[in-house]
1. Just the residues that are in contact (Cβ under 8 Å) with a residue 40 or more places away in the chain and farther than 23 Å from A:Asn60 by Cα, please, taken from the stretch B:32-44.
2. Considering each of A:Glu6, A:Glu50 in turn, give the residue that is open to solvent by 60 Å² or more (accessible area, probe 1.4 Å) and part of a helix (DSSP H, G or I).
3. Can B:Ile71 be described as more than 9 Å from chain A (Cβ to nearest Cβ), modelled with pLDDT of 95 or more and within 14 Å of the ligand (Cβ to nearest atom)?
4. Using the structure shown, decide if B:Thr212 is farther than 30 Å from B:Leu295 by Cα and touching an Asp or Glu at 6+ places or on another chain (Cβ under 9 Å).
5. Within the stretch B:50-63, can one find any residue that is of a type outside the set (S, T, N, Q), more than 16 Å from the ligand (Cβ to nearest atom), under 30 Å from A:Asp84 (Cβ atoms) and at the interface with chain A (Cβ under 9 Å from one of its Cβ atoms)?
6. Filter the stretch A:60-93 for residues that are more than 7 Å from chain B (Cβ to nearest Cβ) and among the acidic types (Asp, Glu); which is farthest from B:Pro150 (Cα to Cα)?
7. Pairs only if they're at least six apart or on different chains, beta carbon under 9 angstrom, first in the stretch B:300-314 and closer than 22 Å to B:Tyr169 by Cβ, second outside any helix (DSSP H, G or I) and small (Gly, Ala, Ser); list them, first residue then second.
8. For the stretch A:53-78, which residues satisfy the criterion of being within 14 Å of the ligand (Cβ to nearest atom) and assigned to a loop (DSSP other than H, G, I, E, B)?
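The values are calculated or read from the model by the stated rules, or taken from the named source; none is laboratory data. The structure displayed is predicted, hence computed values, not measured ones. Here Cβ is always computed from backbone atoms with ideal geometry, including for glycine, and neighbour counts include all displayed protein chains. Areas reflect the complete protein model, heavy atoms only, side chains present, ligands, DNA and RNA absent. Shrake-Rupley method; radii C 1.70, N 1.55, O 1.52, S 1.80 Å.
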Amino acid sequence: MIITDEIIEYVSSLARLDLNAEEKIKIKGEIEKIIDYMDILNTLDTADVEPMSHVLPAVNVFREDEVVPSYPRDEILKNAPDSDEGAFRVPKTVE
Amino acid sequence: MKDYEMVIGLEVHTELSTKTKIFCSCTTEFGGEPNTHCCPICTGMPGVLPKLNKKVVEYGIAVGLATNCSITPYGKFDRKNYFYPDLPKAYQISQLYLPICRDGFIEIEGKDFKKKIGIHEIHMEEDAGKLIHDPIFDTTRADYNRCGVPLLEIVSEPDFRSADEVIAYLETLKAILQYLGVSDCKMQEGSLRADVNLSVRPKGQTEFGTRTEMKNLNSFRSIARAIAAEKKRQIEVLESGEKVVQETRRWDDDAGYSYAMRSKEDAQDYRYFPEPDLAPVEISEEWKAEIRATLPMLPKERRNKYIEEFGLSDYDAGLITGIKALADYFDDVNAIVNDPKEVANWLLGSFMRVAKEGEDDSFRILLDPDKLAKIIAMIKTNKINRNTGKDVFFAVWKDNLDPEVYVEEHDLAMVGDDDLVKDTVAKILAENPKTVEQYKGGKTKVLGFLVGQCMKELKGKADPGTINAMLRESLK
Ligand SMILES: [Zn+2]
């Protein structure tokens, strides 16, 4: 499959990646290789194979509905690049 | 102008009233200082492992069964990827490919319709946090207390043709959720939210028109207004020869109009893929049967019971059982006074009016059931008359006062003294010779005036029926 410049543009914007010209060329080659590999996989007959979404055979891994005290707010905010009045501070976001 | 028809589908989000969040053990309690109901899982720290709250699955199954859905025997979760700071992980854990319920329906009815609304699917997902704009620093503050609160998204088929049908569906769905005890359904607190997908088409056309999605609808009233405004807007667009653009619009209830939220080039591409951190959910026939056995009586069933057992009309029974709190209240009062029709008359009259006085769609009951029972009992035993009973009700409602004490303190009990009533009747007749003459001359309507005068003289503390009879007797 041909990976066009538009696809690279679109995928990087979806991933919020700011790529320079050099990186774009490099990534384009890498994505093409990955897609080519998928093409090889596609030659296999999988008509009788159930699609797999999980590698482990586990099902129904549940937790009971019991409250455990939350973290102290200072601990939670330690990882925030910026915080204010007990909240994470992020760039202006409006809809 | 052509005759147009609306086509509406609804996406209803309901926050489940579990004690803990869907993937971690933080409390779901409403309010709290920002980011105090948080842990590394619900704030999306790297390397954490979400673990599913069993109760969420049980509630999901219960809602599915109550809305005639088939329950998915093998389901799983998927990641919905998008960058928005209300979700710190940059993805929401939701269900796209194998939602917990599918293909159900809810029966709705109103003045001029009775129909089934299809449920396309119900899926489990996590709620997002809250963003607060800070005008001083021109930044945004994120509070993740609500992040990870369990949601069920109930997606209807595009079966609605009017705003009335939409409201009837929401009321029915809300009643079902409240009867099941899975959500408190407070629109103001965001625990019940509805997004409206709406399109219009010329009457008779079979294919759908282009639809828009309307968000930020915080009350039944704003939903009805937004539907009317969007229908008008789309018809105007079509009539002017333009095309409706598929977009998400945000309703501004104060301004009474909506505006487009996201431009087309920013079209959402969520790149869903299976959530690798959560194991699939297997729901056996046994588990389903177990939950079915614990389902409480649902609105429809209770309505039939009220009709058959209590002799209420279909309409009255529907109104009372349509609000769980009201039906529970009915049962409590009736258990004491054992007069279903009398209790129903109270609840559907004065009671309904004051209970709905709040700003929002909430239904507030401020008076204990035994206190309304006391008022009814005082009327039945002729301690007070019906009018006084109503006055007492309005007086004690707000502060949940004891009506017996209130009657005592305000000296409202009817005069038990028959002689006093007799004397009063005689006095009023003597004072109004002209009226008496008119009555005797055939103008029997003036009797009401005389009754009123007697009641006034007795400060309302008598039975107007008795006075009426006494007056008639004296005027023979
Ligand atoms: Zn948490």
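1. Across the stretch B:32-44, the qualifying residues are B:Gly32, B:Pro34, B:Asn35, B:Thr36, B:His37, B:Cys38, B:Thr43.
2. A:Glu6
3. On the way: more than 9 Å from chain A (Cβ to nearest Cβ): yes; modelled with pLDDT of 95 or more: yes; within 14 Å of the ligand (Cβ to nearest atom): no.
The answer is no for B:Ile71.
4. Working: farther than 30 Å from B:Leu295 by Cα: yes; touching an Asp or Glu at 6+ places or on another chain (Cβ under 9 Å): yes.
Yes, satisfied.
5. Pass one, the stretch B:50-63, residues of a type outside the set (S, T, N, Q): B:50-52, B:54-63.
Retained after the next criterion (residues that are more than 16 Å from the ligand (Cβ to nearest atom)): B:54, B:57-63.
Restricting the remaining residues to those that are under 30 Å from A:Asp84 (Cβ atoms) gives none.
Among the residues of the stretch B:50-63, not one is of a type outside the set (S, T, N, Q), more than 16 Å from the ligand (Cβ to nearest atom), under 30 Å from A:Asp84 (Cβ atoms) and at the interface with chain A (Cβ under 9 Å from one of its Cβ atoms), which makes the answer no.
6. Looking at residues that are more than 7 Å from chain B (Cβ to nearest Cβ) and among the acidic types (Asp, Glu), I get A:Asp82.
7. Going by the 9 Å Cβ cut-off, the qualifying pairs are B:Arg303/B:Gly322.
8. A:Asp65, A:Glu66, A:Val67, A:Val68, A:Pro69, A:Ser70, A:Tyr71, A:Pro72
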